[in-house]
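Input: a single structure, listed below in structure tokens.
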Amino acid sequence: MQVITRMHSAASEISPWSPAAERLLDAAMRVFARVGISGATTREIAKEAGVNEVTLFRNFQNKQGLLSEVLKRAFLPSDEVGLKGLSVRDGATLEEVLMDFAAVDFERKRRNIALIRVLVGDVHNLGEQESEVLKEIFQPWKRELANRLTEAKELGLVRDDADPVIVVDQLVALVFVGALRCGTMKCSDYSPETYLKACVETLARGIAAEPEKRRRRP
């Protein structure tokens, strides 16, 4: 299993931003992580990037627009490309489907753990625009996994009383804890792969239907 390396298949994509805008995005990430969303100012971000504040306004209109693009840049570029699209209808096991999504989500969070910590601590300062961006980023991913689990339920592989939406949130929470631990402390006791495998196996056992109740796959 390649949790870390398989996530960067889109690293060579051409950026739609100018060099100055790229510097602003990099600078904003550092400033947000250092002083928080509410504490960051456009003047400080522009100074960090080595550009005029007018350049920031020209590219992103305001701090909210810049933050929205930082979120997209941090969480969208290569994450969904890493998904293998596994489905129980195509013969994948429940564990393989869960691991496919868990590996993508883990790397996305591990890579951006500093920004995530800021978002958690400053969530009350997020405006409607940033909140909508976060929904656009994460909701389709969560909905897709819920659909895969619904397929598994239809085939009798998942218990009838297991709610796919709740299961997805449980997996997201487990992945977040692992990414936070590896992002802030040394993972010397076990590897990220070992942690994810244990989480997926435990969750899969908890929602799996009894063998005698499973229906034959079409």
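The values are calculated or read from the model by the stated rules, or taken from the named source; none is laboratory data. Not measured: the values here are computed from a predicted model. Every residue, glycine as well, gets a Cβ built from its backbone with ideal geometry; the counts of neighbours run over all protein chains shown.
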Completion exercise
Being of a type in the set (Gly, Ala, Ser), touching a helix residue (DSSP H, G or I) at 6+ places or on another chain (Cβ under 7 Å) and assigned by TED's automatic domain parsing to the domain that holds SER191 narrows ALA74, ALA92, ALA173, ALA162 down to just ALA162
Exercise for the section: Starting from residues that are buried (at least 16 other Cβ atoms within 10 Å of the Cβ) and under 16 Å from GLN129 (Cβ atoms), keep the ones in the stretch 27-40 and report whichever is modelled with the lowest pLDDT. Expected result: ILE37
Completion exercise
Going through the stretch 41-90 in order, the residues found to be of a type in the set (Phe, Trp, Tyr), surrounded by 16 or more Cβ atoms within 10 Å (Cβ to Cβ) and modelled with pLDDT of 90 or more are PHE60
Exercise for the section: Can you tell me which residue among PHE60, PHE32 is farther than 27 Å from PHE176 by Cα and aromatic (Phe, Trp, Tyr)? Expected result: PHE60
Practice task
For ASP160, work out the one condition from (1) over 16 Å from MET29 (Cα atoms); (2) in a helix (DSSP H, G or I) it doesn't fulfil.
Solution key: (2)
Completion exercise
For the stretch 92-133, the count of residues that are over 19 Å from LEU196 (Cα atoms), of a type outside the set (A, V, I, L, M) and either buried (at least 18 other Cβ atoms within 10 Å of the Cβ) or touching a strand residue (DSSP E or B) at 6+ places or on another chain (Cβ under 8 Å) (or both) equals 1
Practice task
Could you tell me which numbered condition GLU95 fails, if it satisfies all but one of (1) in contact (Cβ under 8 Å) with a residue 60 or more places away in the chain; (2) closer than 30 Å to LYS63 by Cβ; (3) of a type outside the set (A, V, I, L, M)?
Solution key: (2)
